[in-house]
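The values are calculated or read from the model by the stated rules, or taken from the named source; none is laboratory data. Please read all numbers here as calculations on a predicted model, not as lab measurements. All Cβ positions, even for glycine, are placed from backbone atoms using ideal geometry, and neighbour counts span all protein chains on display. Side chains included, ligands, DNA and RNA excluded: accessible areas come from the protein's heavy atoms. Shrake-Rupley method; radii C 1.70, N 1.55, O 1.52, S 1.80 Å.
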Amino acid sequence: MERLDEIGERIRQHLEEKNAARDRALQQSRTLIRHCSLAIRAAHREERAEAQAQLAEASKLQAELRSNLAAYPDLYHAGYTQDALKEYVEASIVTAILSGEPLPAPEDVGVDNAAYLCGLGEAAGELRRRVLDILRHGRTDEAERLMAVMDDIYGLLVTMDFPDALTGSFFSASSRPSLN
């Protein structure tokens, strides 16, 4: 039974390291979400430089989060981490579309497909908000452009009906955002 103490200590050390990684990931996720929110807010205000600065900070945090959790895939795929990544996708897409830039792909933002689809759906909601805002100012051409983008997003999302086993239940038929 002498070996039991050694085994127990090794397990305890691993769990302490994993708990520390979890604590860091929670903090990084909150900070990442804050930068994404600030980027979206700046994009809505047409403060392009500020939106890009906030998005750059979010990008660094996203990369750190992914790197720090490489040894712990279960923490990387935990709800709080995936929520932060979804927010990063949303901010990246909203900023690109409102700036007239190309739509970033999942590999451009460093996320898996399910997080990307969820962020894409959330981005459509932000575009709706933008359309309503600019219509008050008579910018109908831009509103039409954004509505066409929203329609394209919706057209894609309604075709993504796959079992939770494939999507990790992060993006399933029941969780798909509605544009209504």
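Among L4, A21, L61, whose Cα lies farthest out toward the positive end of the dipole of region 1-85, if unit charges sit on the beta carbon of Lys, Arg (+1) and Asp, Glu (-1)?
Value computed over the given set: L61.
Tell me, what is the FRET efficiency for L166 and Y80 to the nearest 0.05, using R0 = 25 angstrom and their Cβ-Cβ distance as r?
It comes out at approximately 0.70.
Can you give me the P(r) profile for the chain? Cα pairs, bins 10 angstrom wide beginning at 0, each as a whole percent.
Result, from short to long distances: 10, 33, 30, 15, 7, 3, 1, 0 percent.
For a Förster distance of 45 Å, can you work out the FRET efficiency between the beta-carbons of M147 and N19, rounded to the nearest 0.05?
Details: r = 47 Å, r/R0 = 1.04.
Plugging the Cβ-Cβ distance into 1/(1 + (r/R0)^6) gives 0.45.
Could you please state how large a percent of the accessible area of the chain is carbon and sulfur, counting protein chains only and using a 1.4 Å probe? Show your work: numbers first, answer last.
On the way: 5240 of 10120 Å².
Here it works out to 52 percent.
In deg cm²/dmol, rounded to 500, what helix-only [θ] at 222 nm does the chain give when every DSSP H run of at least 4 residues adds -39500 (n - 2.57) and the total is split over its residues?
Rounded to the nearest 500, it is -26000 deg cm²/dmol.
For S59, what accessible area in Å² do you get when you roll a 1.4 Å probe over the heavy atoms of the protein chains, rounding to the nearest 10?
My reading of the accessible area for S59 is about 40 Å².
Rounded to the nearest 0.05, what FRET efficiency do E9 and A71 give with R0 = 30 Å and r taken as the Cβ-Cβ distance? Could you check? Provide the component values of the computation, followed by the final result.
On the way: r = 19 Å, r/R0 = 0.63.
Efficiency, from the Cβ-Cβ distance: 0.95.
Tilt of helix 79-99 relative to the longest C-alpha principal axis of the chain, in degrees (0 to 90, nearest 10)?
Taking the Cα atoms of the chain, the angle to 79-99 is about 30 degrees.
How large is the convex hull of the Cα atoms of region 33-111 per residue, expressed in Å³ as a whole number?
70 Å³
Express the accessible area of region 13-171 per residue in Å², computed with a 1.4 Å probe while the remaining protein chains stay in the model.
51 Å²
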